[in-house]
Each structure stands twice: as structure tokens, then as C-alpha cells.
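Working notes, beginning with the structure itself.
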Amino acid sequence: MKLYGHPLSGNTHRVQALLDLLKVDYEYVTVDLKAGAHKAPEFLAMNSLGQVPVLSDGDAVLRDSIAIMTYIAGKFDTEGAWFPKDALQSARVQEWLSVAVNEVQNGPFVVRAIKLFGMPGDPEVAKAKTKALYDTLFEPHLAKNDWLAGETATAADLACYAYVARVTEGGFDLSAYPAINAWIARVEAIEGLPGMVRIEDLMAAAD
């Protein structure tokens with residue numbers, strides 16, 4: 001099994017996190033986004049959208065981080081620890097997975113991508129969307145709950161963590177969100193969770 005990704009990609013991190021927490025044996029292949037490796041013919045043959053992550057498992061090749069997480073859980077999460085088997089709990093997780101690929105992607109992800117990668121967009125609009133998301137959904141929910149979907153950490157927390165937490169790399173201040181910050185600390189304290197590289201660390205390593 002091979003995971004093609006990049007250390008600054010939150011979408012890659014959520015997949016890597018699930019693989020590591022389930023102790024799956026796999027090879028991590030770093031795709032050089034700066035050099036345009038994600039647009040090379042051999043990568044486009046795996047994912048015509050030219051995006052990371054991609055997972056290859058024998059003859060199976062999957063794109064889209066949530067689809068990959070679902071596949072991994074179907075094969076290895078036999079106890080339903082990260083993707084609960086209970087119908088209601090499963091639905092609760094799916095609610096947050098939807099938020100991860102919609103509201104989080106359109107807010108925190110864009111804030112960070114504009115600053116770090118020069119993604120086209122209006123940073124103030126992205127910050128306004130992020131503020132609305134944090135004010136109306138994440139902060140109120142996490143003020144009453146330790147985790148996003150249930151009494152323990154689930155795939156919902158893994159999927160939302162990276163971009164919600166690293167929005168600060170785009171210049172968004174998290175100091176007004178104590179519940180979100182407490183949740184970030186809880187996620188980062190999960191035993192076996194791989195760290196997500198910080199941009200400053202990656203730049204320092206390249207010097």
C-alpha cells in the first residue's frame with residue numbers, strides 16, 4: 001500500500017493519521033508539488049485531477065481523502081473505533097466529514113492556501129467564512145463536547161483537525177476560541193497521531 005501525499009497537505013494528513021492510528025503497513029511517497037509532480041503524466045494517470053492524496057493498494061487506486069479514509073476503515077477498522085458501526089454515531093461522523101470537505105475547505109483551507117501557496121482568492125472573504133464557521137459551529141459545539149462526534153475521538157476529528165488548527169498559518173487568530181484550542185490540544189495528544197509539519201519547520205529544513 002502506498003500513500004502519495006505532501007507534508008503540508010491537511011487532506012494527506014487525515015489519511016496518514018488514520019493509517020498510523022490503525023497501525024497499517026504502508027509506504028509514504030512525497031509528491032513534489034512545488035516541482036509540479038502532481039501534474040506529471042504518471043501522477044495524472046492515478047488522479048486526473050492532479051491532487052493529493054492518492055492511495056494505491058494493489059490494483060485499487062483511490063483519490064479523495066474522505067473516500068480513502070472510508071476504504072481504510074472498511075479494511076482495517078474492524079472495531080469501528082474511528083468509523084462507528086452504530087447508525088446514529090455513523091451519521092454524526094458523516095455530518096462532520098461533510099463539513100470537512102465543504103465549510104472547512106471553503107474557509108480555513110482557503111485562508112491558509114492563499115498565504116502559503118498563493119492560491120487565487122480574497123483572503124478577507126475566506127477569513128470571514130472561517131470566522132462564521134468557528135463562531136456558529138465549532139466553538140459552540142466544542143464548548144459542550146470534547147469531540148466532534150461522540151464521546152471519543154473519531155474520523156470526524158481527524159478529518160477536521162489539520163485545517164481548523166493550521167488556519168493560523170494563513171494569519172487567522174485563534175486566541176478568541178478557547179474551546180477550539182482545547183480540542184486541538186486533545187487531538188494532538190492522541191497516542192500514535194502523526195504530527196503535521198509546520199511551514200516554518202519545512203522551510204528551516206530546506207535551508
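So here's what we get for this one:
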quantity: Selected from 167, 55, 88, residue furthest toward positive end of dipole (the chain; charges at beta carbon); calculated: 167
quantity: FRET E, pair residue 87, residue 151, Förster distance 22 Å, beta-carbon r, rounded to 0.05; calculated: 0.85
quantity: Cα→Cβ-extended label distance, 7 Å offset, between residue 94 and residue 132, nm; calculated: 2.6
quantity: Values of log10 I(q)/I(0), in the order q = 0.28 Å⁻¹, for segment 64-120 under a Debye, Cα-only, solvent-free model; calculated: -1.09
quantity: Nitroxide proxy distance, nm - points 7 Å out along Cα→Cβ at residue 181 and residue 124; calculated: 2.7
quantity: Residue 78 paired with residue 141, simple spin-label distance in nm, labels 7 Å along Cα-to-beta-carbon; calculated: 3.1
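Every number in this text was worked out from the coordinates using simple rules, so none of it is lab data. What you are looking at is a predicted structure, and each value in this text was computed from that prediction instead of being measured. Every residue, glycine as well, gets a Cβ built from its backbone with ideal geometry; the counts of neighbours run over all protein chains shown.
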